[in-house]
1. Among all the aspartates and glutamates, which ones have a C-alpha under 15 Å from LYS141's C-alpha, if same-chain residues fewer than 8 places away are not counted?
2. What aspartates and glutamates could a cross-link reach from LYS152, if we take a straight Cα to Cα line under 20 Å and drop same-chain neighbours fewer than 8 places away?
3. ARG230 versus ARG308, label points 7 Å from Cα toward the beta carbon: distance in nm?
4. Helix 5-32 against the longest principal axis of the chain: what's the angle in degrees, Cα atoms only, rounded to the nearest 10?
5. Quick one: of LYS52/LYS385; LYS158/LYS285; LYS161/LYS189, which pairs are farther than 28 Å apart, Cα to Cα?
6. Order the peptides 67-78, 374-385 from the highest to the lowest mean number of other Cβ atoms within 10 Å of their residues.
7. Post the alpha-carbon centroid distance, the stretch 149-200 to the stretch 329-395, in whole angstrom.
8. Rounded, prolate or oblate: which fits the stretch 149-194, taking a ≥ b ≥ c as square roots of the Cα gyration tensor eigenvalues, rounded meaning a/c under 1.5, else prolate when a/b beats b/c?
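Bear in mind that the values in this text are calculations on the coordinates, not laboratory data. This one's a predicted model, so the numbers in the text were calculated from it and none came from an experiment. Reconstructed Cβ throughout: ideal geometry from the backbone, glycine too, with neighbour counts over all protein chains shown.
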Amino acid sequence: MKITGRSLLLGAAFAATLAVLAACQAMLQAAAGTKGPAVIAPMFEVDPLWPKPLPNHWLLGMTIGVWVDDQDHVWIIHRGAPTLSNMEKGAELNPPTGECCRAAPPVLEFDRDGNLLRHWGGPGAGYEWPESNHGIYVDYKGNVWIGGNGAKDAHILKFTKDGKFLMQVGRLGGNKGSNDPENFGRVAKIWVDAKTNEAYIADGYGNKRVAVLDADTGKMKRYWGAYGNRPDDTDLGKYNPDAPPAQQFRNPVHCADLAKDDLLYVCDRMNDRLQVFRPDGKFVKEAFFAKRSLGEGSVWDVAFSRDREQKYIFLADGRNQKVRVVLRETLEEVTNFGDGGRQPGQFYGVHSVATDSYGNLYTTETYEGKRVQKFVYRGEGAVAKDGQGVVWPML
């Protein structure tokens, strides 16, 4: 074969391009502190001193909801005394077994610095507090929404930020299945769309659907199951990662969060998948994450990055003890951080996730995790693609 001058030039240019790419990758790896592949992605550092210690010998129980309101105040909800051991809640036993400790009220509000601002919650006049509260959301009007995943929890509640009761939709013990227009089936999370004043309900631990309500009246407007199908409560059996994708959600349907471009992201936790819909229930696409995760499943909750395009999804994976960073456009995981454990930056049952206007990330942990953590946003930079582990503050 005759080699021309043009071929030599093209070959040299190609070799130079490869060299530049290799050099760039080496620089990324060095910046990420890894010998493996590196990517440009959001960077975080855990703040081990957030929040500040609670007063009154208060402790958190299983912490199963977090949201950040338009003032960048962080709201959490936890389950309190029923999820604390006798050693932990000795001060509230009868008789007390010691000076410490007792369960904090279920709903807590913090500022960005970790100061406790408000606290309330629990049974009261005019409403049925959930047997097992689950999920918290503060809407554009400043209303606080709460679900519940107890055996009889077939309702959701709405309060003011001061804890004044506003509305209950559904009734304790009233669930009649996934096609019931009046009640719910152990709701995991609520999201309210300011443009339409509609509340999206991840329904839930008993039902297998997304339900959409008028956020003022509570009247149900529409609902659907996986792929936009009519919900079917037939037992699907245990999840099998090698079987064809299930045509219905498995319990729990754990989140239903709406992005700015009106794409709704639904956590089908036990199926290890995230499904995307239009607001009318039309199916768009799906992606699986850690598809061979069994037990509790891998897709627990999502939050969106705070840039204009909401480029990234932060996906809480409580089975594998990490937060996955996902490109929203393609649903491709680009990196992840976290590890199992009880030290700051580690997770034990990372359950819920939310972002503030500065890009900081907040997580809660259920089971024996029983806490909220703050991860400070440090911009975009080179990080390890295969997993960053614990994102400890840089010295």
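1. List returned: ASP69, ASP70, ASP72, ASP162, ASP193, GLU198, ASP214, ASP216.
2. Candidates past the 8-residue exclusion: GLU128, GLU131, ASP180, GLU182, ASP203, ASP232, ASP233, ASP235.
3. 4.5
4. Approximately 30 degrees, to the nearest 10.
5. LYS52/LYS385; LYS158/LYS285
6. 67-78, 374-385
7. So the separation of the two Cα centres works out to 29 Å.
8. prolate
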